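To start, the structure itself, in structure tokens.
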Amino acid sequence: MPTMNVSLTSEMVDFVESAVSSGDYVSASEVVRDAIRVLRHDKEAEDVKMHLLRREIERGLLQADREEFSSRSIDEIARSVLDGREV
């Protein structure tokens, strides 16, 4: 497996050492690999969210161009989103 040297802050080193000493991880490399897996997952989830947001914005702009507007208030729409109902 290729190796890479990485500079960490003292707080990061303390965190890695604590994770290893607690027995949650076998080595510092395992902590870093797990952190990168989590970062990759979070980035992919963020990319999906941004794609969906851009799609919905485009949808809204097309509806506005066709003068298709909701008769509901912003508060009604916000409540429906927060309640998990269809908008």
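Some notes on this structure:
- The criterion of at least 3 residues that are surrounded by 10 or more Cβ atoms within 10 Å (Cβ to Cβ), within 19 Å of the chain's Cα centre (by Cα) and of a type outside the set (Ser, Thr, Tyr) is met by the following helices (runs of 4 or more DSSP H) wholly inside the chain: 28-65.
- Cβ-Cβ contacts under 6 Å between residues 6 or more apart (or on different chains), taken from a first residue in region 26-46 that is touching a residue at least 40 places away in the same chain (Cβ under 8 Å) to a second residue that is exposed (fewer than 10 other Cβ atoms within 10 Å of the Cβ) and of a type outside the set (Asp, Glu), are absent.
Computed from the coordinates by the stated procedures, all read-outs in this text should not be read as laboratory data. Values in this document were obtained by computation on a predicted structure and should not be read as measured data. As a convention, Cβ positions derive from the backbone with ideal geometry for all residues, glycine included, and neighbour counts pool all protein chains shown.
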